[in-house]
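**Student:** Let me give you the structure first, and then I'll get to my questions.
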Amino acid sequence: MTSVRRRRVFAAAATGAALALVLTACGGNDDPEPGATGDGDGGDADCAAYEQYGDLSGKTVTVYTSIVSPEDQPHIDSYKPFEECTGATISYEGSKEFEAQLLVRLEAGSAPDIAYIPQPGLLQTIVQDYPDTIVPASEGTSANVDEFFSPSWKTYGSVDGTFYAAPLGANVKSFVWYSPKQFEANGYDIPETWDDLIALSDKIVADHGADGAKPWCAGIGSGDATGWPATDWLEDMVLRTAGGDVYDKWITNDVKFNDPQIATALEKVGEILRNPDYVNGGLGDVSSIAATTFQDGGLPILAEDGKDPLCYMHRQASFYAANWPAGTNVAEDGDVFAFYFPGLDAGTRPVLGGGEFVAAFSDRPEVAAFQAFLASPEWANAKAVSTPNGGWVSANSGLDPKNLVSPIDQLSATILGDTTQEFRFDASDLMPAAVGAGSFWTQMTAWIAEGKSDADVLDAIQASWP
Amino acid sequence: MDWLLHADTTGEKLVLMVVAVLMFVAVMGLILFATDRIRSLPPWVVGVIFVTPVVLALGFGLVYPAIETIKESFYDRSGAFVGLDNYVAAFTRDEFQVVLRNTAVWVVVVPLASTAIGLLYAVLVDRARFEKFAKTLIFLPMAISLVGASIIWKFVYAYRPVLEGVPAENQPNQIGLLNQMLVWFGLEPQQWLINSPANTYFLIVVMVWIQAGFAMTILAAAIRAIPTDIVEAARLDGLGGTRMFRYITVPSIRPALVVVITTIAMATLKVFDIVRTMTGGNFNTSVVSYEFYRQSFVQRNTGLGAALAVILFVLVIPIVVYNVRQMRRAEEIR
């Protein structure tokens, strides 16, 4: 009996030792925080702008976002001046399941301090369903946004007149990617109007159709968000055929999905996306658009040396810059670049875009300070500097364009800063989730993959409006 | 004492390790000591001690959420009571009818196909020369996660067009195994995952690929366990080949067959990973378990999501009941 018991104690001890080893191994050596203790006043003149936040040594702010590798590292790097000057620690967590998981965390009472919300519609859901978790934007944040952002950006971060979330990054979606080299070699000009665009497409069919190339390539696959690039097409087109006022009413469903004005826009999108002569260069027929991931959708524009490309144009947002293979020269005279997706005539130049918004779920001073910092020009410039490969811009007017190194980011910043161009936020991101993250995606996918008729698609989306 | 929570140096970590070991030994010692003491308690107290944690865990982790889910299924997303509206929507709306149809196809095809393939394989390789190797081969997919398997098969099904009138060197590279085979035979490559309703069957292949190994393992063991005297007696009576299979093998392993079919049927009802990874529920391939997630967490239709979860729950119940009754009957015979 005693021997049995002794053996048990040994077994317990051995298990315990193993467990402890595992735990300590998991703990890892924490890198000493740069300047976490007493380094803040090390004669660093740059810290002047950070004095307003006070001394936050030993405080931690948790950030939860949808931005994952490789785009997360520039974000983490951009917090360094804040961490060094205030002594606070920023703990960054990115998740591909962000949209679903954030709500689960709010429901469970384990909200992050700060979340980057990519859809104003989601912000509305949070304010309506979990009003006790989210806190209105801090005073410093509000002041920064008033000073450095246009009023419309502030409204995207507001719900029922209360300002919650400050704009962070921005992107321009009204872009058509093309190969400047190929356009030059073939003598193609950048189209200025919709008719030019169609004429160019026809010309490409005539020139290269016999070699199997098509003017357009596209991909709308994106896991369970499949279909969103197609919704962007329709949004861009509604802006062009019906205008900004109808667009705003469409978001609130005062203009219905099966309204003739929306139907006209969808028909125009179909002139390209469902035209078997125009798509899907190098990737297959019309339905292959649904099976191609959006990341792969534009790659046939690049041709191997000595070969002709299988595709010439790809409509996708500025952030598509990150998807070109390493070594691709993204510039006006390089391998690929983007031109503005033209309007019906050269005079109307609406812009479709998107962005993320910083919401706070705690009113601790360090959280308020960090939220204000993210809305400041200091952060926007730090982020631009820490993103040498491009693919990021902000609507912050304090952002120095010189800090943006990539030509496509410079172009995006110019378009975002141009007040003569009517800017509209991505409509599906503003609609209720049942439509904007549901039927709008799935029905546009069915429109492509199954050839469902325009009327059926629009009726089905309208029927699902909550 | 800050180092207890944030051990930085190796020395601190070693001390921390010793502390952790001591704490673990203390707790385990206490438990072992207590179990020795338990023997002197009346049996009903022992029973209560052992049953309480299980009852609490089941109550808190299973019964309570189940009741909450059922309750939620009668409310809409704004929290208003809507009676059976969510269920009506789940059974009448076109898109959910497709979901229910697909679920039915899955739950019929996967268990039957996996079991049939597993059984056939088990019989064929039983006592064959390469038995171990052959069994490993079909058992290996079991070790791959459903998501991993889905990604593998996504590559198998990958589609690139064959362009007409274009020389071979300018053709896009076929990256999918299945379509490359078609091209070798001079056929047109197909979009396996897009064309409904066939695409559901191409997803089912993935599940069968995984579950056939499970069926084969259990059934092979059951076949081995058939008493040799029965087999010999049957053989002396002139039974052989397919009739041996029909009249001796299958009846002898019937309990194992039931377990395999019902287990696979339950796993199939819960299939989520394959649908999500391969099609995202698009192209008419969604199933109840995936649509429930989509409605609850992506579209925030919590009531409708809960209703779908309840439907799934109701669908599983008969299989579980049948399984339990079969096991009870098998025990009675024994």
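**Student:** Considering region A:190-245 alone, what residues qualify as being among the charged types (D, E, K, R) and away from every other protein chain (no Cβ under 14 Å)?
**Tutor:** If the condition is that a residue be among the charged types (D, E, K, R) and away from every other protein chain (no Cβ under 14 Å), then A:Glu192, A:Asp195, A:Asp196, A:Asp202, A:Lys203, A:Asp207, A:Asp232, A:Glu235, A:Asp236, A:Arg240, A:Asp245 are the ones that fit.
**Student:** Considering only residues that are within 22 Å of B:Lys270 (Cβ to Cβ) and of a type in the set (Asp, Glu), which ones fall in region B:79-106?
**Tutor:** B:Glu95
**Student:** Here is a follow-up. Only one of these is within 26 Å of B:Arg160 (Cβ to Cβ), part of a loop (DSSP other than H, G, I, E, B) and not polar (S, T, N, Q): A:Ala338, A:Ala303, A:Ala346, A:Ala322. Name it.
**Tutor:** A:Ala303
**Student:** For A:Ser386, all conditions in the list (1) within 14 Å of chain B (Cβ to nearest Cβ); (2) more than 28 Å from A:Thr226 (Cβ to Cβ); (3) of a type in the set (Gly, Ala, Ser) hold save one; what is the number of the exception?
**Tutor:** (1)
**Student:** Among the residues of region A:277-298, what is the count of those that are without any contact (Cβ under 8 Å) to a residue 24 or more places away in the chain and either of a type in the set (Gly, Ala, Ser) or not in a loop (DSSP other than H, G, I, E, B) (or both)? Steps first, answer last, please.
**Tutor:** If we filter region A:277-298 for residues that are without any contact (Cβ under 8 Å) to a residue 24 or more places away in the chain, which is where we start, we get A:284-285, A:288.
Within this subset, residues satisfying the condition of being either of a type in the set (Gly, Ala, Ser) or not in a loop (DSSP other than H, G, I, E, B) (or both) are A:284, A:288.
Qualifying residue count for the region: 2.
**Student:** For B:Pro53, indicate whether it is more than 9 Å from chain A (Cβ to nearest Cβ) and surrounded by 11 or more Cβ atoms within 10 Å (Cβ to Cβ).
**Tutor:** no
**Student:** Which one of these is among the basic types (Lys, Arg), crowded, with 22+ Cβ neighbours inside 10 Å and either assigned by TED's automatic domain parsing to the domain that holds A:Pro342 or closer than 25 Å to A:Leu310 by Cβ (or both): A:Lys249, A:Lys214, A:Lys256, A:Lys268? Give the derivation first.
**Tutor:** Numbers: A:Lys249 fails: crowded, with 22+ Cβ neighbours inside 10 Å; A:Lys256 fails: crowded, with 22+ Cβ neighbours inside 10 Å; A:Lys268 fails: crowded, with 22+ Cβ neighbours inside 10 Å.
Unique residue meeting the criteria: A:Lys214.
**Student:** While we're on this one: Of everything in region A:392-423, what is within 22 Å of A:Arg349 (Cα to Cα), acidic (Asp, Glu) and in contact with a helix residue (DSSP H, G or I) (Cβ under 8 Å, 6 or more places away or on another chain)? Give them in sequence order.
**Tutor:** Result: A:Asp409, A:Glu422.
**Student:** With A:Ala359, A:Ala380, A:Ala369 as the choices, which residue is in the same structural domain as A:Pro136 (by TED's automatic domain parsing), at pLDDT 90 or above, among the aliphatic types (A, V, I, L, M) and not in a helix (DSSP H, G or I)? Before you say what the answer is, go through the steps one by one.
**Tutor:** Working: A:Ala380 fails: not in a helix (DSSP H, G or I); A:Ala369 fails: not in a helix (DSSP H, G or I).
A:Ala359 is the lone residue from the list that is in the same structural domain as A:Pro136 (by TED's automatic domain parsing), at pLDDT 90 or above, among the aliphatic types (A, V, I, L, M) and not in a helix (DSSP H, G or I).
**Student:** For region B:4-13, indicate whether the set of residues that are surrounded by 13 or more Cβ atoms within 10 Å (Cβ to Cβ), in contact with a Ser or Thr (Cβ under 6 Å, 6 or more places away or on another chain) and farther than 30 Å from B:Ser289 by Cα is non-empty. Walk me through it before giving the result.
**Tutor:** Filtering region B:4-13 for residues surrounded by 13 or more Cβ atoms within 10 Å (Cβ to Cβ) gives B:7-8, B:12-13.
Within this subset, residues satisfying the condition of being in contact with a Ser or Thr (Cβ under 6 Å, 6 or more places away or on another chain) are B:13.
Restricting the remaining residues to those that are farther than 30 Å from B:Ser289 by Cα gives B:13.
Checking region B:4-13: at least one residue is surrounded by 13 or more Cβ atoms within 10 Å (Cβ to Cβ), in contact with a Ser or Thr (Cβ under 6 Å, 6 or more places away or on another chain) and farther than 30 Å from B:Ser289 by Cα.
**Student:** Okay, moving on. How about region A:122-138: which of its residues are buried (at least 19 other Cβ atoms within 10 Å of the Cβ) and at the interface with another protein chain (Cβ under 10 Å from one of its Cβ atoms)?
**Tutor:** A:Leu122, A:Thr125
**Student:** With respect to the numbered conditions (1) in contact with a Phe, Trp or Tyr (Cβ under 9 Å, 6 or more places away or on another chain); (2) touching a residue at least 12 places away in the same chain (Cβ under 8 Å); (3) more than 30 Å from B:Ala215 (Cα to Cα), which one is the sole condition not fulfilled by B:Gln97?
**Tutor:** (2)
**Student:** Anything in region A:417-436 that is modelled with pLDDT under 85 and part of a helix (DSSP H, G or I)? List them, or say none.
**Tutor:** Residues satisfying the conditions are A:Gly417, A:Ala433, A:Ala434.
**Student:** Here's something else I'd like to know. Condition (residue is within 14 Å of another protein chain (Cβ to nearest Cβ) and touching a residue at least 12 places away in the same chain (Cβ under 8 Å)) applied to region A:397-419: is it met by at least one residue?
**Tutor:** no
**Student:** Limited to region A:205-232, what total is found for residues that are in a helix (DSSP H, G or I) and in contact with a Lys or Arg (Cβ under 9 Å, 6 or more places away or on another chain)? If you could, list the steps in order and put the result at the bottom.
**Tutor:** Going residue by residue through region A:205-232, those that are in a helix (DSSP H, G or I) are A:205-211, A:228-232.
Next cut, in contact with a Lys or Arg (Cβ under 9 Å, 6 or more places away or on another chain) only: A:205, A:208, A:229, A:232.
Total satisfying the criteria: 4.
**Student:** How many residues, within region B:45-83, are in a loop (DSSP other than H, G, I, E, B), hydrophobic (A, V, I, L, M, F, W, C) and under 26 Å from B:Ile317 (Cβ atoms)?
**Tutor:** Keep residues of region B:45-83 that are in a loop (DSSP other than H, G, I, E, B), which gives B:73-74, B:76-80, B:82-83.
If we keep only those that are hydrophobic (A, V, I, L, M, F, W, C) too, we end up with B:74, B:80, B:82.
Next cut, under 26 Å from B:Ile317 (Cβ atoms) only: B:74, B:82.
Here the count works out to 2.
**Student:** Then there's this: Can A:Ile126 be described as part of a helix (DSSP H, G or I), under 22 Å from the mean Cα position of the chain (by Cα) and at negative phi?
**Tutor:** Against the criterion (part of a helix (DSSP H, G or I), under 22 Å from the mean Cα position of the chain (by Cα) and at negative phi), A:Ile126 qualifies.
**Student:** Sticking with this one: Which one of these is in contact (Cβ under 8 Å) with a residue 12 or more places away in the chain and within 14 Å of another protein chain (Cβ to nearest Cβ): B:Leu315, B:Leu304? Quick ask: steps written out before the conclusion?
**Tutor:** Working: B:Leu315 fails: within 14 Å of another protein chain (Cβ to nearest Cβ).
Just a single option satisfies the conditions, and that option is B:Leu304.
**Student:** In addition: Only one residue in B:Ala215, B:Ala234 is buried (at least 19 other Cβ atoms within 10 Å of the Cβ) and farther than 21 Å from B:Val99 by Cα. Which one?
**Tutor:** Of the residues listed, the single one that is buried (at least 19 other Cβ atoms within 10 Å of the Cβ) and farther than 21 Å from B:Val99 by Cα is B:Ala215.
**Student:** From the list A:Ala100, A:Ala143, A:Ala111, which residue is surrounded by 21 or more Cβ atoms within 10 Å (Cβ to Cβ) and over 29 Å from A:Ala326 (Cα atoms)?
**Tutor:** A:Ala111
**Student:** What number of residues within region A:299-358 are crowded, with 16+ Cβ neighbours inside 10 Å and within 14 Å of chain B (Cβ to nearest Cβ)?
**Tutor:** Selection size over region A:299-358: 9.
**Student:** So A:Val385 passes all but one of these: (1) surrounded by 23 or more Cβ atoms within 10 Å (Cβ to Cβ); (2) at pLDDT 85 or above. Which condition number does it fail?
**Tutor:** Only one criterion is unmet by A:Val385, namely (1).
**Student:** Now, a different point. Name the single residue, out of those in region B:177-188 being modelled with pLDDT of 90 or more and either part of a loop (DSSP other than H, G, I, E, B) or in contact with a helix residue (DSSP H, G or I) (Cβ under 7 Å, 6 or more places away or on another chain) (or both), that is farthest from the other protein chains (Cβ to nearest Cβ).
**Tutor:** Filtering region B:177-188 for residues that are modelled with pLDDT of 90 or more and either part of a loop (DSSP other than H, G, I, E, B) or in contact with a helix residue (DSSP H, G or I) (Cβ under 7 Å, 6 or more places away or on another chain) (or both), the one farthest from the other protein chains (Cβ to nearest Cβ) comes out as B:Phe185.
**Student:** Looking only at residues in region A:158-189 that are among the acidic types (Asp, Glu) and in the same structural domain as A:Leu200 (by TED's automatic domain parsing), which one is farthest from the chain's Cα centre (by Cα)?
**Tutor:** A:Glu184
Results for (1) more than 14 Å from chain A (Cβ to nearest Cβ); (2) free of Cβ contacts under 8 Å to residues at least 12 places away in the same chain; (3) within 19 Å of B:Ala212 (Cα to Cα), shown as yes or no for each residue.
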site	(1), (2), (3)
B:Leu62	yes, yes, no
B:Pro65	no, yes, no
B:Ser73	yes, no, no
B:Val107	yes, no, yes
B:Ala116	yes, yes, yes
B:Leu137	yes, yes, yes
B:Ala149	yes, no, yes
B:Ile152	yes, yes, yes
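**Student:** Spot the failing condition for A:Glu235; the list is (1) within 28 Å of A:Gln410 (Cα to Cα); (2) part of a loop (DSSP other than H, G, I, E, B), and only one is missed.
**Tutor:** Only one criterion in (1) within 28 Å of A:Gln410 (Cα to Cα); (2) part of a loop (DSSP other than H, G, I, E, B) is unmet by A:Glu235, namely (2).
**Student:** Every residue in region B:163-176 that is of a type in the set (Val, Ile, Thr) and either surrounded by fewer than 13 Cβ atoms within 10 Å (Cβ to Cβ) or in a helix (DSSP H, G or I) (or both), please.
**Tutor:** Of region B:163-176, the ones of a type in the set (Val, Ile, Thr) are B:166, B:175.
Residue satisfying the conditions is B:Ile175 alone.
**Student:** Are there any pairs with C-beta distances below 6 angstrom linking a residue in region A:119-143 that is in the same structural domain as A:Leu103 (by TED's automatic domain parsing) to a residue that is acidic (Asp, Glu) and in a loop (DSSP other than H, G, I, E, B), with the two at least 6 apart or on different chains, and if so which?
**Tutor:** A:Val135/A:Asp363
The values are calculated or read from the model by the stated rules, or taken from the named source; none is laboratory data. The structure displayed is predicted, hence computed values, not measured ones. Cβ: placed from backbone, ideal geometry, glycine included. Neighbour counts: every protein chain shown.
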